[in-house]
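Structure first, then comments.
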Amino acid sequence: MKSKETLASGIDLASERGAVEVRAVSKRYGQTEAVRPTSLSIQSGQFATLLGPSGSGKTTLLKMIAGFEEPSSGAILIGHQDVTHVAPQKRNVGFVFQQYALFPHMTVAGNLAYPLEMRGMPRRDINHAVGEALEMVRLSQLANRRPSDLSGGQQQRVALARAVIFRPPVLLMDESLAALDKRLREEMQIEVRNLQRELKITTIAVTHDQTEALVMSDVIFVINEGAVQQVGKPADLYYRPENEFVAGFLGESNVLHGHIELGVGEPELVLPSGMRLPIEAPAAAIGTSAVCMIRPEAIDLSPFPADRPPKLRGQVVQRIFCGDTFRVTLRMSDGTLLLSKPIGGNSRWLPDAGEEAQVSWHPSELTLISHPTKGTRA
Ligand SMILES: Nc1ncnc2c1ncn2[C@@H]1O[C@H](COP(=O)(O)OP(=O)(O)O)[C@@H](O)[C@H]1O
Ligand SMILES: [Mg+2]
């Protein structure tokens, strides 16, 4: 349906109700600067994740968007309206926060009805909406149970249904899947994502779990020490991190410091030891110092070729079987340690600890994190 409510600027208000903008927002607790001046822009209908280690300021930021904390400076806009000083219940935002757990004395249906009762919805409409919400999260059979008689996953689904039952354009979730065991968490990640798409609800989720962020998000804001380190789509952040923190926090990585030289027609990363590694680098990077990264899964191990010496060789320091992958730590001839993660497989050739292998990768897998032409001096 097309909205008639359109601003002179051409912004369609109805379809933009879920746009969230955080403008230079900061939060100070005494001496602690929990959130340094931060700006985020999230489009209506996007699934955005704030990803960072414990204590990085994620919850504080989310609470300011929800209205549970007042920013020390800056402004928050939801649907292009300034809500910086608007009370949480007037922000039209649903939330799944740990401290707002299900009401233990109410049934599942009672929990779901509550936000609608608060908004003065007629009883008949409430009953209808609760029925729909129960179906949506596949809990119709459990409407009369108390939360304590539900499994962890079921409780999470009720909390989610309660957060969206009044059809807010924005949903906020703070580590809401963290307490579930691994398998259930993985199922819920997909379930929440499907529901989010179906409802077209802008969602801002907080997590310290990088896999969860990669699996669920349209856009990830990587946060450390109260500041956004990098913003991007999951794959862009994973393959093109802009600093060592992002490279290390989002997945595992081998970070290498050196400088870029032109080898035999091809650029190479030259380590302080003199070892030369194949890299794809722009012409502007030749002759500059550089910090580079290669993901463990991009490093291939193979037997030494019969007809020529291997270009790069590594000795296995440690080999660990992880089921779907191996973790192989290699010591290169100059002493550099590299982690390789070959995929598992019964018939796969892999050297044992103490043995040697040819080490190779596609040059494009060794990526520049920073060099002077990117504005970051290595
Ligand atoms: N109410 C508070 N009073 C004082 N310090 C706080 C308060 N809430 C959070 N902090 C501090 O702010 C920083 C960020 O906390 P938080 O936003 O909870 O991080 P995260 O959610 O990323 O783990 C931490 O150093 C934390 O101790
Ligand atoms: Mg937190």
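Derivation of every value follows stated rules applied to the coordinates shown; laboratory data play no part. All values reported here derive from a predicted model rather than from experimental measurement. Cβ sites come from the backbone with ideal geometry, for glycine too, and all protein chains shown count toward neighbours.
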Take the alpha carbon atoms of the stretch 93-130, find their center, do the same for the stretch 263-337, and report the distance between the two centers in whole angstrom. 56 Å
Within 10 Å of each residue's Cβ, count the other Cβ atoms and sort LEU51, LEU262 from fewest upward. LEU262, LEU51
Modelling each spin label as a point 7 Å along the Cα-to-Cβ direction, I'd like the ARG119/GLN141 distance in nm, to one decimal. 3.0 nm
Which length gain, in nm to one decimal place, applies between GLU132 and ILE343 when the Cα-Cα distance is subtracted from 0.36 nm times their residue separation? 71.6 nm
Which percentage, to the nearest 5, of the DSSP beta bridges contained in the chain is antiparallel? 75 percent
So which residue, out of ILE220, ILE65, ILE343, gets the largest mean-square fluctuation from a GNM of the chain using Cα contacts under 10 Å as springs? ILE343
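Just subtract the alpha-carbon distance of HIS257 and SER151 from 0.36 nm times their residue separation and send over the number in nm, one decimal. Spell out each step's value before the answer.
On the way: separation 106, 0.36 × 106 = 38.16 nm, distance 4.87 nm.
Going from the current span to full extension adds 33.3 nm.
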Please check: in the Gaussian network model of the chain (C-alpha springs, under 10 Å), which one of ASN92, ASN224, ASN144 has the largest mean-square fluctuation. ASN144
On a 23 Å Cα-Cα criterion, which of the cross-link pairs LYS182/LYS341; LYS27/LYS200; LYS27/LYS233 come out too long? LYS27/LYS200; LYS27/LYS233
Explain nothing, just compute: Karplus ³J(HN,Hα) = 6.51 cos²θ - 1.76 cosθ + 1.60, θ = phi - 60°, for every residue of the stretch 70-83 in order, whole Hz, x for Gly and Pro. 8, x, 6, 7, x, 9, 10, 10, 10, x, 6, 9, 6, 10
Report the far tail of the P(r) of the chain, meaning the percent of Cα-Cα pairs longer than 34 Å. 43 percent
With contacts defined as alpha carbon pairs under 8 Å and 6 or more residues apart, what's the relative contact order of the chain in percent? 14 percent
Springs between alpha-carbon atoms under 10 Å, Gaussian network over the chain: tell me which of ASP324, ASP334, ASP300 tops the mean-square fluctuations. ASP324
Calculated log₁₀ intensity ratio I(q)/I(0) where the Debye formula runs over C-alpha points of the stretch 246-374, q = 0.10, 0.11, 0.14, 0.22 Å⁻¹: -0.32, -0.39, -0.63, -1.35
Provide the FRET efficiency to the nearest 0.05 for the ILE320-TYR239 pair, computing r from the beta carbons and using R0 = 22 Å. 0.35
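Would you mind counting up the charge near ARG167? Only other residues with Cβ under 13 Å from its Cβ, with Lys and Arg at +1 and Asp and Glu at -1.
+1
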Please report the net charge: other residues with Cβ closer than 12 Å to the Cβ of LEU180, K and R +1, D and E -1. -3
Using the Karplus equation 6.51 cos²θ - 1.76 cosθ + 1.60 (θ = phi - 60°), what ³J(HN,Hα) coupling, rounded to whole Hz, does each residue of the stretch 253-268 give in order, writing x for Gly and Pro? 8, 9, 9, 10, 9, x, 9, 9, 10, 8, x, 6, x, 10, x, 9
Applying 1/(1 + (r/R0)^6) with R0 = 45 Å to the Cβ-Cβ distance of HIS105 and ARG308, what FRET efficiency is obtained, to the nearest 0.05? 0.05
What does the charge count around HIS362 come to, taking other residues whose C-beta lies under 9 Å from its C-beta (Lys +1, Arg +1, Asp -1, Glu -1)? -3
Protection proxy ranking, peptides 164-171, 102-109, average beta carbon neighbours within 10 Å, highest first: 164-171, 102-109
Going by how many other beta carbons lie within 10 Å of each one, how would you line up PHE249, PHE68, fewest first? PHE68, PHE249
Most exposed first, judged by fewest Cβ atoms within 10 angstrom, ILE286, ILE76 run ILE286, ILE76
Measure off 7 Å from each Cα along the Cα-to-Cβ vector at ASN194 and ARG28, then give the distance between these two points in nanometres to one decimal. 4.8 nm
Longest the chain segment clear of trypsin sites (Lys or Arg not before Pro) sitting in DSSP loops (not H, G, I, E or B) with at most 14 other Cβ atoms within 10 Å runs 5-118
